[in-house]
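Working notes for the structure below.
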Amino acid sequence: MSRKTLIIGAGGVGNVVAFKCAMNIKSFGEITLASRTISKCNKIADNIEKKLGIKIKTASVNADSIDELIELFKKIKPNIVINVALPYQDLTIMDASIECGVHYLDTANYEHPDMAKFEYKEQWARDDRFKKAGIIGLLGSGFDPGVTNVFCAYAQKHYFDEIETIDILDCNDGDHGYPFATNFNPEINLREVSANGRYWENGEWIETKPMEVMLVWDYPEVGKRDSYLLYHEEMESLVKHIKGLKRIRFFMTFSEKYLTHMRCLENVGMLGIDEVEHNGCKIIPIQFLKTLLPDPASLGERTKGKTNIGVYITGLKDGVKKSIYIYQVSDHEKCYSEVMSQAVSYTTGVPAMIGAKLILDNIWQGKGVFNMEQFDPDPFMEELNIQGLLWKIKEID
Ligand code: NDP
């Protein structure tokens, strides 16, 4: 029987996933791109046909509705659903996958629309139902989470007997020329950045104020940049799965210009997630802000510069202390010329395609809900080099 792939979400990341699946058509078979706004799917499908000469199908779906999802799944009969809509839709798409026996993959963990809090609890709680349905639920197959988890698993497999500390270091040095814009969904991005920071040390989570902890990291091919400690979701699964771990932290770079805009917006209440009354209508400030800001999908053409995301790991090998740095550098303009999206969408969409490819090609097998570091990292690391995300390792003894 020929393979069928369903992609849900037609934003910046959905565009990259659709392009990359089409470029790996042998693994993905018949591809359908579905989203709330079908015109966005059709635009991507037209671009793929023009650039690659491959036709993909499109459909409209409201992924907040399990009934609509089940109807679409029954019509298309996909082998896998790649969820690159928003984290708010994770649970409905997972439930429809269980109901219809379809493998599931996403790039960001479930977040409740009315609560700026994200955690794996509700997705992990579906493990038994995924097992009973005989399908895989692969969580967080983007770059971070995603590739960063795989880098850690690779380090554990090949370089360490015991990993002691992990620092995840995420730098986007791209410039889109606007005074302020976010590189992916503004609501998700600003909620993440304006929340308290958190890291894990000796079995405990330690909370910090937003942007309270900063280090200067020298990112290869970019240079030294201020990097701020944030909470990031891959830490929740890595503390469970990396043996001997004593500390894990996550740092992201922000320019002074970005931080000044964000502080002003926060101070005037524009990052609020509670409804406010405005001229007789009810609006949610952060959603209104999203309407005003440039669409992340439109930044591709204008963005210049590089991203560098990696993990710096220390630990023991044969009783001797050592450290390694595994990282990946992408160039915004190069990504755009290949798939018409900037590097932040590219570095998320390519790993989503790779995770799905390894499942469809029966290389990553299992039943239940998994995080990336639970599978063999080697085939994923090989695919990264083949599919456009070349990585490097520095051993520092
Ligand atoms: P965008 O906002 O650009 O796109 C989201 C898409 O989802 C839009 O097409 C939107 O449709 C669609 N959508 C939203 N709600 C629904 C719904 N109820 N039903 C159907 N479709 C819906 O986001 P991005 O492409 O930038 O990001 C996609 C995902 O990738 C997010 O979950 C984000 O958190 C994640 N991400 C993960 C990263 C990682 O490294 N792991 C890094 C960056 C992003 P419409 O146009 O109609 O609103």
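Semi-axes of the equivalent ellipsoid of segment 43-82 are 24, 11, 7 Å, computed as sqrt(5λ) over the eigenvalues of the C-alpha gyration tensor in descending order. Taking amide H as placed 1.01 Å from N in the peptide plane, MET211 has its amide H under 5 Å from the amide H of GLY197, each at least 5 places away in sequence or on another chain. Springs join every pair of Cα atoms under 10 Å in this Gaussian network model of the chain, and among ILE309, ILE206, ILE25 the largest mean-square fluctuation is at ILE206. A 1.4 Å probe, protein heavy atoms only, puts the accessible area of GLU207 near 120 Å².
Per-residue SASA remark: TRP205, around 90 Å² accessible (1.4 Å probe; ligands, DNA and RNA not included). Taking the Cα centre of the chain as origin and assigning +1 to Lys and Arg Cβ atoms and -1 to Asp and Glu Cβ atoms, the resulting dipole is close to 1040 debye.
Which value, in debye to the nearest 20, describes the size of the charge dipole of segment 196-302 about its Cα centre when Lys and Arg Cβ atoms bear +1, Asp and Glu Cβ atoms bear -1, and nothing else is charged? It would help to have the intermediate numbers written out before the result.
On the way: 14 positive and 17 negative charges, 60 e Å.
For this selection, approximately 280 debye.
Of all alpha-carbon pairs in segment 160-271, indicate the percentage at a distance above 23 angstrom. I get 34 percent for the Cα pairs in segment 160-271 exceeding 23 Å. A quarter of the convex hull surface defined by the alpha-carbon atoms of segment 326-397 gives 5.9 nm² as the mean projection. For the chain, the solvent-accessible area of protein heavy atoms averages 43 Å² per residue (probe radius 1.4 Å; ligands and nucleic acids excluded). Between LYS74 and TYR178, the FRET efficiency from the beta-carbon distance, with R0 = 41 Å, is close to 0.45. Dividing the Cα radius of gyration of segment 292-342 by its Kirkwood radius returns 1.30 for Rg/Rh. D by Stokes-Einstein for segment 1-77, Kirkwood Rh over Cα pairs, 20 °C, 1.002 mPa s: 173 µm²/s. Taking every C-alpha pair closer than 8 Å and separated by at least 6 residues, the mean separation divided by the residue count of segment 67-182 gives a relative contact order of 20 percent. Counting Cα-Cα pairs of segment 149-224 in 10 Å increments starting at 0 gives whole-percent bin shares of 13, 32, 40, 13, 2. Taking the 1.4 Å solvent-accessible surface of the chain as the whole, the part contributed by carbon and sulfur is 49%. Computed on the Cα atoms alone, the convex hull of the chain gives a volume of 137 cubic angstrom per residue. Over segment 235-376, the hull volume per residue, using the convex hull of the C-alpha atoms, is 216 Å³. Surface calculation, 1.4 Å probe, protein heavy atoms: HIS261 sits at approximately 70 Å² accessible. Phi-derived couplings, Karplus 6.51 cos²θ - 1.76 cosθ + 1.60 at θ = phi - 60°, listed residue by residue for segment 182-196: 9, 7, 9, 2, x, 5, 5, 4, 6, 5, 5, 6, 8, 7, 4 Hz, with x used for Gly and Pro. With N the number of residues in segment 184-236, Rg(Cα) / (2.2 N^0.38 Å) evaluates to 1.28.
The antiparallel fraction among DSSP beta bridges confined to the chain stands at about 60%.
Can you pull a Stokes-Einstein diffusion coefficient for segment 94-221 at 10 °C (1.306 mPa s), Rh from Kirkwood over Cα pairs, as a whole number of µm²/s? Diffusion coefficient, whole number: 89 µm²/s. Only one residue of TYR88, ALA59, ILE48 has its Cα farthest out toward the positive end of the dipole of segment 23-100, where Lys and Arg carry +1 and Asp and Glu -1 on Cβ, and that residue is ILE48. Pairs spanning more than 18 Å between alpha-carbon atoms, out of LYS240/LYS392; LYS26/LYS131; LYS4/LYS43; LYS306/LYS392: LYS240/LYS392; LYS26/LYS131; LYS4/LYS43. Reducing segment 327-343 and segment 116-143 to their Cα centroids gives an inter-centroid distance of 29 Å. Let me make sure I get this right: for segment 210-300, a, b and c are the square roots of the gyration tensor eigenvalues over alpha carbons, sorted descending. Under 1.5 in a/c it's rounded, otherwise prolate if a/b > b/c, else oblate. Which is it? Prolate. All C-alpha to C-alpha distances of segment 254-311, sorted into 5 Å bins beginning at zero, yield P(r) values of 4, 14, 16, 22, 17, 13, 8, 4, 2, 0 percent in whole numbers.
Were the residues from LYS224 through GLU395 laid out at 0.36 nm apart, the gain over their Cα-Cα distance would be 59.6 nm. Scaled against the 2.2 N^0.38 Å expected of a compact globular protein of N residues, the Cα radius of gyration of segment 1-132 reads 1.03.
The values are calculated or read from the model by the stated rules, or taken from the named source; none is laboratory data. Owing to the predicted nature of the structure, the values given are computational and were not obtained by experimental measurement. Methodologically, a virtual Cβ is constructed for each residue, glycine included, from the backbone with ideal geometry; neighbour enumeration extends over all protein chains shown. Only protein heavy atoms, including side chains, enter the accessible area calculation; ligands, DNA and RNA are left aside. Shrake-Rupley method; radii C 1.70, N 1.55, O 1.52, S 1.80 Å.
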